[in-house]
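A short worksheet on the structure shown next.
The values are calculated or read from the model by the stated rules, or taken from the named source; none is laboratory data. Note that the structure is a prediction, hence the values are computed from the model and not measured. Cβ sites come from the backbone with ideal geometry, for glycine too, and all protein chains shown count toward neighbours. Just so you know, the surface numbers come from the protein's heavy atoms only, side chains and all, with ligands and any DNA or RNA stripped out. Shrake-Rupley method; radii C 1.70, N 1.55, O 1.52, S 1.80 Å.
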Amino acid sequence: MKPSSLKVVIALYLTTFLAAIEGTIVSTAMPIIIDDLEGASLFSWVNTIYLLAMVVATPLYGKLSDIYGRKLLISIGIIVFIIGSALSGIAWSMPSLILFRAIQGLGGASLLTLPLVIITDLFQDEQRYKIQGWLSSIWGVAGILGPLTGGLLVDYVSWHSIFYLNVPFACIALVLIHKFLPNHYTKTVRAIDGKGITTFSVGILLLLYGLNGFVEHDEITAKWMYAALMFIALICLYTFVKVEKKVSDPFIPLVIFTNKMFRFTLISGFVISALTVAIIFYIPLLMQDVKGFSATGSGLIMIPLSITWPLGSILAGQYAFRFGMKKMGLIGSIFLVIGSGCMATITGDTSPILIMLYILISGMAFGILLSSFSFLASAVASEEVRGAGLSALQLFRSLGQAVGLVVFGMLLYSQTKSPNYISLLELSLRQIFGVIAMISLLLAIYIGWALRNKQLLASYNFAGEAKTTKVKQAAQVSADRS
């Protein structure tokens, strides 16, 4: 690898880490932030608005990068992220923090989406998958360093510092990208799909806002209002699909959804992301509120995730091309079912060592599956719509996180002033982990079914080297005979 390319890769790793760590580091600090800003009724929106902003902006960055180049769009994203981080650190009230987190999320969407696209642009085949494997491993590192770093900063410095921590690293990444990322692209004058962008953004915002409000409010009148918002959202998304079919240069090219393998990566990424965010958010909650651990202690419990998630990602990068996607999917599914099944047995009396073991197993599943399916998506997406296609992958993963928080939140007991809060919280967490186990089993079955076609995988060079060679030889013999 050229020195300039190495510096670009380092910058992309930095940006991915900053965006990935943001959700977990803030969740650890939320109890202190709530007390300081006196905003318990709005606390869920601090993370929800960040995810909402990311979901809306993700496909926009991908599409615009296809038109104006990756370098410009990722630079804009980093600058917006820096501004949002700095403003969040000086928030004086919960509404102001929510607003600044929205700005941060708009920038964070670029940091999560474009690194995968840029690596796909710059590198080929096995080298690309190895680099992407290391990139995916950053999610595991962020999953543990977020709670741990957040706990330490909150306990010994201030909650304001968790936002300022991002700024110097983001500036370093911006400088490296500006100096070393090539800006090779052919700029063509295209009409921006304003109707598509508007209908999609409004539809997604109303859908997630309505879903979140429907879950949080018990009043019948409020539920009807949020249900109406979701209905309007569905109309907007239906209109979006109609618009995209007619325009010559759509915001999200619907053609990417016609590919069977690409649809598989979107669906599986959505479900896995919903499971990961639930575990990352609810295990620390269990440790702090049920078992009485400190914020730092609950972060330490998550350490196995930072070991096996990166390890799984790296192994996927090394062996997905060689062993084939079906085998990697099988291995990842086994870890997923075992890990989630064990978590379904967790109670307030479960040993922290056992909980760490369950997290360790689950982390391996997340690393293998998310990385392997990212490789498959990058192989499937054509160069013409690569930015839009891979941003759609990240969009579905971000949607999975947002929907996961809302759906699993429906099962969570959150009446902190109740005299039975701890016992009822423990019961609700056990229900959540039980649902996660059932979803994991269904997902494993779906993965096995979707990856059953060896010839289709071979067409993307993911049947395994030996199998791919045999398939190609058989095809050549057949062609020679004809």
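Multiply the residue gap between residue 445 and residue 38 by 0.36 nm, knock off their C-alpha separation, and tell me the result in nm, one decimal place.
On the way: separation 407, 0.36 × 407 = 146.52 nm, distance 4.56 nm.
Stretched out fully, the residue 445 to residue 38 stretch lengthens by 142.0 nm.
Could you please report the charge total around residue 412, scoring K, R as +1 and D, E as -1 over all other residues with beta-carbon less than 15 angstrom from its beta-carbon? Walk me through the numbers before you get to the answer.
On the way: positive: 430; negative: 216, 218, 289, 426.
Overall, the nearby charge balance is -3.
Using only the Cα atoms, what convex hull volume per residue in Å³ does segment 96-180 have? Working shown, then result.
Values: hull volume 9.1 nm³, N = 85.
Per residue, the Cα convex hull of segment 96-180 comes to 107 Å³.
If you take the Cα atoms of segment 236-303, find Rg, then find the Kirkwood Rh from the mean of 1/r over all pairs, what is Rg/Rh? Each step should come with its number before you reach the end.
Details: Rg = 20.2 Å, Rh = 15.4 Å.
Looking at segment 236-303, the ratio lands at 1.31.
On the Cα set of segment 339-379, report Rg and Dmax in Å, please.
Every Cα atom of segment 339-379 included, Rg and Dmax give 13.7, 46 Å.
Provide the packing ranking of 422-430, 46-54, i.e. peptides ordered by the mean count of other C-beta atoms within 10 Å per residue, highest first. Kindly include the intermediate steps, with their values, before the conclusion.
Details: 422-430: 17.9, 46-54: 25.0.
Packing proxy ranking, top to bottom: 46-54, 422-430.
Equivalent ellipsoid semi-axes for segment 400-449, as square roots of 5 times the alpha carbon gyration tensor eigenvalues: give them largest first, rounded to whole Å.
Details: eigenvalues 156, 30, 4 Å².
One finds semi-axes of 28, 12, 4 Å for segment 400-449.
With every protein chain present, what is the per residue accessible area of the chain (1.4 Å probe, Å²)? List each step's numbers first, then the result.
Details: 20190 Å² over 482 residues.
Spelled out: the 1.4 Å probe surface of the chain, per residue, equals 42 Å².
So, with a 1.4 angstrom probe, what is the percent of accessible area on the chain that is carbon and sulfur?
On the way: 13620 of 20190 Å².
The value for the chain is 67 percent carbon and sulfur by accessible area.
In degrees, nearest 10, range 0 to 90: what is the angle between the Cα axis of helix 125-156 and the longest Cα principal axis of the chain?
So the inclination is approximately 10 degrees.
At 37 °C and 0.692 mPa s, grab the translational diffusion coefficient of segment 201-341 from Stokes-Einstein with a Kirkwood Rh over Cα pairs, rounded to a whole number in µm² per second. Before the final figure, lay out the partial values.
Details: Rh = 19.2 Å.
Answer from the Stokes-Einstein relation: 171 µm²/s.
Within 10 Å, count the other beta carbons around each residue, average over each peptide in 277-283, 74-80, 392-398, 351-357, and list them highest first. Intermediate values should be presented prior to the final figure.
Values: 277-283: 24.1, 74-80: 21.6, 392-398: 26.6, 351-357: 13.6.
Averaged packing, sorted descending, gives the order 392-398, 277-283, 74-80, 351-357.
Given an 8 Å cut-off on Cα distances and at least 6 residues of separation, report the relative contact order of the chain as a percent.
Working: 797 pairs, mean separation 104.7, N = 482.
Here the relative contact order equals 22 percent.
How far apart, in nm, are the 7 Å Cα→Cβ label points at residue 246 and residue 228?
About 2.8 nm, to one decimal.
What is the packing order of peptides 162-169, 360-367, taking the mean over residues of other C-beta atoms within 10 Å and listing the highest first? Spell out each step's value before the answer.
Working: 162-169: 19.1, 360-367: 26.2.
Descending packing order for the listed peptides: 360-367, 162-169.
For segment 333-464, compute Rh as the Kirkwood radius over C-alpha pairs and then the Stokes-Einstein diffusion coefficient at 37 °C and 0.692 mPa s; write the answer in µm²/s, rounded to an integer. Please list the in-between numbers first.
Numbers: Rh = 17.2 Å.
The Stokes-Einstein estimate is 191 µm²/s.
My understanding is that a pair violates if its Cα-Cα distance is over 26 Å; which of 246/454; 242/454; 63/245; 71/246 do that in this structure? Don't skip to the end; give the middle numbers.
Values: 246/454 35 Å; 242/454 35 Å; 63/245 16 Å; 71/246 30 Å.
Violating the 26 Å Cα-Cα cut-off are 246/454; 242/454; 71/246.
Over segment 220-342, what is the mean sequence separation of C-alpha contacts under 8 Å (at least six apart), divided by residue count, expressed as relative contact order in percent? If you can, show how the numbers build up before the last one.
Working: 22 pairs, mean separation 10.2, N = 123.
Over segment 220-342, the number comes to 8 percent.
What number in nm² do you get for the chain if you take the convex hull of its Cα atoms and divide its surface by four? Could the numbers behind the result be given before it?
Details: hull surface 93.8 nm².
Computed as one quarter of the Cα hull surface, the answer is 23.5 nm².
Treat each spin label as a single point 7 Å out from the Cα along the C-beta direction, and report the residue 407 to residue 175 distance in nm.
It is 4.4 nm.
How far apart, in nm, are the 7 Å Cα→Cβ label points at residue 238 and residue 5?
About 4.9 nm, to one decimal.
Explain nothing, just the number: dipole magnitude of the chain about its Cα centre with +1 on each Lys and Arg Cβ and -1 on each Asp and Glu Cβ, in debye rounded to the nearest 20.
Charge dipole, the chain, about its Cα centre: 1860 debye, nearest 20.
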